[in-house]
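See below for the structure under consideration.
The values are calculated or read from the model by the stated rules, or taken from the named source; none is laboratory data. As the structure is a prediction and not an experimental result, all values here were calculated from the model. Cβ atoms come from the backbone with ideal geometry, glycine included; neighbour counts cover every protein chain shown. Accessible surface is based on the protein model in full, side chains and every heavy atom, while ligands, DNA and RNA are left aside. Shrake-Rupley method; radii C 1.70, N 1.55, O 1.52, S 1.80 Å.
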Amino acid sequence: MRFAPHTDDDVARMLESIGLSSVEQLFEQIPEAVRLQRPLELPEGVSEMEILADLKGLANRNRSAEDLVCFAGAGAYDHYVPAVVWALAGRSEFYTSYTPYQPELSQGVLQALFEFQSMICELTALEVSNASLYDGATALAEAVNLARSTPERGRVLVSAAVDARYVETLRTYGRGAGYEPETFDIDSGRGGSPEVGDDVACVIVQHPNAYGLLEPVRELFGAAHAGGARAIQVFDPLSLGVLAPPGDLRADIAVAEGQVLGNHLNHGGPYLGLIATRLDDVRRLPGRIVGETVDVDGRTGYVLTLQAREQHIRREKATSNICTNQTLMAIAATVYLGWLGPDGLEELGRHCMAKATYAAERLADVPGIELLFGDAPFFKEFPLRLPRPATDVRDALIERGYLAGVPLPDDDGHALLVAVTERRSREEIDGLAMALKEVLA
């Protein structure tokens, strides 16, 4: 959309309508001492052709996942996005739609969001979902708000294998809500023994965890329930073709980052947050919920439902300040899941597991490299112990065309987290192993 500035006549008419003679009078409230008394030091304007060339030059200084063979993960993954996803999600009726408060004008987008919610419920084996949240980290913060439903239970226990950025987001939210997330220790990258007292609201476990490892989830959630606390699982949506869903693992609330569902890496966003829970929590569930109904003629229709829980109605009494969602990304996720189907989801999960297993074996055969946590089971991501600082090794491999992974603070900075999606071929994995051998020689 191009910007059309106001003309001098436009400005004069607006000033006249508010009884002022100049734009400067609008700023009389600002003390002279803090007002800039000279023009801004801006360069001379240039043509559209010149500025586009300049911006392309800046963009070309980046090395993206499309330019390199990408083995980086740690929360954002280089999965294949079928052409059909954005051919449909990018249609103008979806791409430009906003708040569907008028159902008579918004049946298309409302039905798409209803299908999205239904798919998330089917994926997680939980009973209710919303129309999406902002991202995985804020979805977790909203799940904690939901779990802290009684004043006497306020403490939040978090596995030390939950993504550190999610924990930091909880700290930010917790300052206002009155809690500080408490991490419990893990053993060899997973597990642990949370001490669940009668003041604990919830226990949070990521499965697969921040190291890519599989957690003993039933055991951890059993301890949470034995102490009367809620169980919250952070999950990977694309793992659910081969791993048991959160509902079957006895999670009360499940949250995830939905980037892997048909959304490109996009240099970090926009992404979308997923949340699902039991039906008993539907009136405390944050964000928008689309419901199915019938119109006066008995035809199926879709509306925003249970809106009395939302901030735009309850104001300061609302349980969450979320009053919007990531509709465009959620529609992309719906198209992607519809394209993949249950059998495709299972096949994709098996490809990721098989390729990650092969990569772990090949890379661990490189002299000086070993798996950080030995034989611990993983899904599509695993940490390596390197003989040199992981940041140095990663940077050297970029020069050879590989984005080899994400350096971790573990093992004095010698740990590298490697992710392997269905996009990686045997040749690319073998090439990474050879490049690592050369760099470490």
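Just a few scattered comments:
- Residue match in region 183-205 (condition: of a type in the set (A, V, I, L, M) and assigned to a loop (DSSP other than H, G, I, E, B)): yes
- Checked against the criterion of being over 16 Å from the mean Cα position of the chain (by Cα), outside any loop (DSSP other than H, G, I, E, B) and not β-branched (Val, Ile, Thr), the candidates TYR179, TYR166, TYR173 yield just one match: TYR173.
- Subset of region 101-131 that is of a type in the set (A, V, I, L, M, F, W, C) and assigned to a loop (DSSP other than H, G, I, E, B) - its residue that is most open to solvent (accessible area, probe 1.4 Å): ALA125
- For first residues located in region 169-184 and of a type in the set (Lys, Arg), partners that are in a loop (DSSP other than H, G, I, E, B) and open to solvent by 50 Å² or more (accessible area, probe 1.4 Å) and lie 6+ apart or on another chain with Cβ distances below 8 Å form the pairs ARG171/GLU180.
- Any hit, region 225-245, residues being basic (Lys, Arg) and surrounded by fewer than 23 Cβ atoms within 10 Å (Cβ to Cβ): no
- Lone qualifier among VAL81, VAL46, VAL85 - being β-branched (Val, Ile, Thr) and assigned to a helix (DSSP H, G or I): VAL85
- When residues in region 82-100 are screened for being open to solvent by 20 Å² or more (accessible area, probe 1.4 Å) and closer than 19 Å to ASP236 by Cβ, 0 of them pass.
- Selection within region 151-163 - touching a residue at least 12 places away in the same chain (Cβ under 8 Å) and either more than 21 Å from ALA276 (Cα to Cα) or not in a strand (DSSP E or B) (or both): GLU152, ARG153, GLY154, ARG155, ALA160, ALA161, VAL162, ASP163
- Per-region count, region 158-205, residues closer than 19 Å to PHE373 by Cβ and open to solvent by less than 30 Å² (accessible area, probe 1.4 Å): 9
- Region 316-428 holds helices (runs of 4 or more DSSP H) entirely within its bounds, and those carrying 1 or more residues that are surrounded by 21 or more Cβ atoms within 10 Å (Cβ to Cβ) and either at pLDDT 95 or above or aliphatic (A, V, I, L, M) (or both) map to 327-364, 390-398.
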